[in-house]
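First the structure, in the form of structure tokens, and then the observations on it.
The values are calculated or read from the model by the stated rules, or taken from the named source; none is laboratory data. What you see is a predicted model; the values in this text were computed from it and never measured. Heads up, the Cβs are rebuilt from the backbone with ideal geometry, glycines too, and the neighbour counts pull from every protein chain shown.
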Amino acid sequence: MSSPANVADRPVDDHPGGARLEVRNLRKVYTGRGEPVEAVADLTFEVRPGELVCVVGPSGAGKTTLLRCLAGLLPATSGDVSLGGAPITGPPPGMAVVLQEYGRSLFPWMSVAQNVELPLKEKRVPKARRAELVDETLAAVGLADVAGSYPWQLSGGMQQRVAIARAVAYEPQVLLMDEPFAAVDAQTRFELEDLVRTLWKRLGITVVFVTHDIDEAIYLGERVLVLSARPTVVLEDVAVGLGADRDQLETRGDAEFARLRTHVYELVQQAKQGVRSLADAHLTHPADTPPRAGA
Amino acid sequence: MTGVLRVLRSVLLTLGLPAVILLAWWFTSAGSTTFYNPPLSAILGTFRETWFSAPLGESRLAVDVVPSVLRLLAGYGIALVAGIALGVAIGSSRALRAFAEPVLEFFRAIPPPVLVPVLMLFLGIGDTMKIVVIAIGCLWPVLLNTVEGVRGLDPVLRDTARAYRLGLVATLRHLVLRGASPQIVTGARQALSIGIILMVISEMFAAKDGLGFSIVQFQRGFAIPEMWSGVILLGVVGVLLSLVFRAVSHAVLRWYLGYRQSQHGGA
Ligand SMILES: Nc1ncnc2c1ncn2[C@@H]1O[C@H](COP(=O)(O)OP(=O)(O)OP(=O)(O)O)[C@@H](O)[C@H]1O
Ligand SMILES: [Mg+2]
């Protein structure tokens, strides 16, 4: 409703599936009643078209704030956020979001299938194709049999999967997810992680995935962005060299996985203690020298 | 079996008290010779000939009751449309709310029957005056409840609608009106009872026809059983209208009962 002719209705990037996200000197201060809160101090990074980037950081670090700025739901205090070269001033087309409050993001007066279908209707997807997409995505998240139920008849984990199905059915170029698997059990979580990787590879979309789970961030991401505590800066942009094909058992058993996990874990610990730059961080396991096998 | 019993039980519960009251009235008034308190049997005896007399097109039902109800529905309909439209606008905009709130509080504090003599000066005693009185009286509960409902919409749902770029029409239809519907229905229910009261009052001041007009006319002509039958008919009209209202609101709020229960952790 409130997006003028900036990014609206123009092709986002030349990349087939995804679009480039750029964040430059993003700063966000919440002003309102009481003291202003500086949530994000200064963030600069880029997500290449078709890349999957995970964001981790301590609780209250400003991950949700960042994601909402990316989604065009929250105006930045200063700095620029752009998608495919066009500044984001409102929710851009071709972007789907899974909000952290997944349960409250479902329309309680609509059935599960209607919830998934509504954004497609608005996108003017033809009826037959809509039905196809709804069926496909609900089946993919294992909810085909509750399509006719209301969201509040489902468990928290199931509601979360509905929100994921809605985002996936939208066939976005950019998918933003805020701790989407927080409420699902470990087994389903592994399946959904693989689902995200599969969809990401198949559609070539750009994904920004916020999580507090370090293992999940490394397993999913091509890069892991480690944030400092509030006010947020990027502590380190960690490249994940685990290859394109990942497997829950093998990848998680990999020595490189273990090294990255240790490293990111240490970074997050340091971030919690208020460390705001890599130079100040005391790391017992240096990042650039992989530990010997067995260490 | 238990299903049948349950239905029987609820029928008994619903009709039990009215039946007891009617029976009590019937027997206590049975031998009454007081002029103002005729036996219920006499009242019911005049009921048919008073309201449903021979050519139905010329009976009081058609000449008095139907115009009353039509005026009520017209005023009520106007109030619903205007109240919901204004309520959505005011509820969606903080600036508009700050601007309109003092005025709303003032007008809300004025009892609507006071408007009848005032509006008579401007609009005369015809249908327009009565419809306007009913519409104004019904407007406030609809308007104020709609404002509350729209204000109370979950911001996460608003964000979701925005993120998926729902247009103005879809946002109104799928988010705002549905989300505010529980409060809108509450307002509409209050408005309906106010509307019935105003329907009668507007006819008691000055009118050529109508249910309230008939009752006053009977009273002035000392046609006491007929007067009582009018009061009973008024009650019946009210009950019928509220039954229709119940059916409609039940359809609109089908999701809401289960939702509310799930929010309170019940099953
Ligand atoms: N609307 C708001 N008004 C004021 N302060 C806010 C608001 N929203 C968030 N904050 C503050 O901004 C900071 C960052 O919040 P944010 O929700 O982005 O953190 P987060 O990293 O997503 O945390 P979590 O991992 O717990 O979800 C917090 O200190 C929070 O208190
Ligand atoms: Mg968060």
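General observations
- Restricting attention to the stretch B:189-245, the residues that are in a helix (DSSP H, G or I), surrounded by fewer than 21 Cβ atoms within 10 Å (Cβ to Cβ) and touching an Asp or Glu at 6+ places or on another chain (Cβ under 6 Å) total 1.
- Test: B:Val248 is within 14 Å of another protein chain (Cβ to nearest Cβ), farther than 19 Å from B:Arg71 by Cβ, in a helix (DSSP H, G or I) and not aromatic (Phe, Trp, Tyr): no
- Summed over the stretch A:172-193, the residues that are more than 16 Å from ligand 1 (Cβ to nearest atom) and in contact (Cβ under 8 Å) with a residue 60 or more places away in the chain give a count of 4.
- In the stretch A:80-118, the residues that are within 16 Å of ligand 2 (Cβ to nearest atom), at pLDDT below 90 and crowded, with 23+ Cβ neighbours inside 10 Å: A:Tyr102
- Selection count, the stretch A:169-191, where residues are within 16 Å of ligand 2 (Cβ to nearest atom) and over 16 Å from A:Gly103 (Cα atoms): 1
- When A:Arg252 is tested against the conditions (1) closer than 21 Å to A:Val47 by Cα; (2) assigned to a helix (DSSP H, G or I), the lone failure is (1).
- Number of the exception - A:Gln153 against (1) surrounded by fewer than 24 Cβ atoms within 10 Å (Cβ to Cβ); (2) polar (S, T, N, Q); (3) within 16 Å of ligand 1 (Cβ to nearest atom): (3)
- For the stretch A:255-284, the set of residues classified as outside any helix (DSSP H, G or I) and over 22 Å from A:Glu38 (Cβ atoms) consists of A:His282, A:Leu283, A:Thr284, listed by residue number.
- Selection of the stretch B:159-174 for residues being touching a residue at least 12 places away in the same chain (Cβ under 8 Å), within 32 Å of the chain's Cα centre (by Cα) and more than 7 Å from chain A (Cβ to nearest Cβ) yields only B:Leu172.
- B:Tyr259 fulfils the conditions (1) more than 14 Å from every other protein chain (Cβ to nearest Cβ); (2) part of a helix (DSSP H, G or I) except for a single criterion, (1).
- Selected residue [closer than 24 Å to A:Val168 by Cβ and within 16 Å of ligand 1 (Cβ to nearest atom)] from A:Val224, A:Val264, A:Val196, A:Val240: A:Val224
- Residue check, A:Leu70 surrounded by 22 or more Cβ atoms within 10 Å (Cβ to Cβ) and either within 30 Å of A:Lys123 (Cβ to Cβ) or more than 16 Å from ligand 2 (Cβ to nearest atom) (or both): yes
- Leading residue by the ranking (nearest to A:Glu191 (Cα to Cα)) among those in the stretch A:100-145 that are β-branched (Val, Ile, Thr) and more than 14 Å from every other protein chain (Cβ to nearest Cβ): A:Val141
- Pairs with Cβ under 6 Å, 6+ apart, first in the stretch B:239-253 and without any contact (Cβ under 8 Å) to a residue 60 or more places away in the chain, second surrounded by 11 or more Cβ atoms within 10 Å (Cβ to Cβ): B:Phe245/B:Leu192
- If you go through the stretch A:93-110 and keep only what is assigned to a loop (DSSP other than H, G, I, E, B), under 16 Å from the mean Cα position of the chain (by Cα) and either under 24 Å from A:Pro49 (Cβ atoms) or touching a residue at least 12 places away in the same chain (Cβ under 8 Å) (or both), you end up with A:Gly94, A:Leu99, A:Gln100.
- Any chance A:Leu235 is assigned by TED's automatic domain parsing to the domain that holds A:Val37, away from ligand 1 (no atom under 16 Å from the Cβ) and closer than 30 Å to A:Lys28 by Cα: no
- Those residues of the stretch B:105-158 which are buried (at least 23 other Cβ atoms within 10 Å of the Cβ) and within 14 Å of chain A (Cβ to nearest Cβ), in sequence order: B:Gly149
- Scope the stretch A:37-79; condition part of a loop (DSSP other than H, G, I, E, B), within 8 Å of ligand 1 (Cβ to nearest atom) and not polar (S, T, N, Q); matching residues: A:Gly57, A:Pro58, A:Gly60, A:Ala61, A:Gly62
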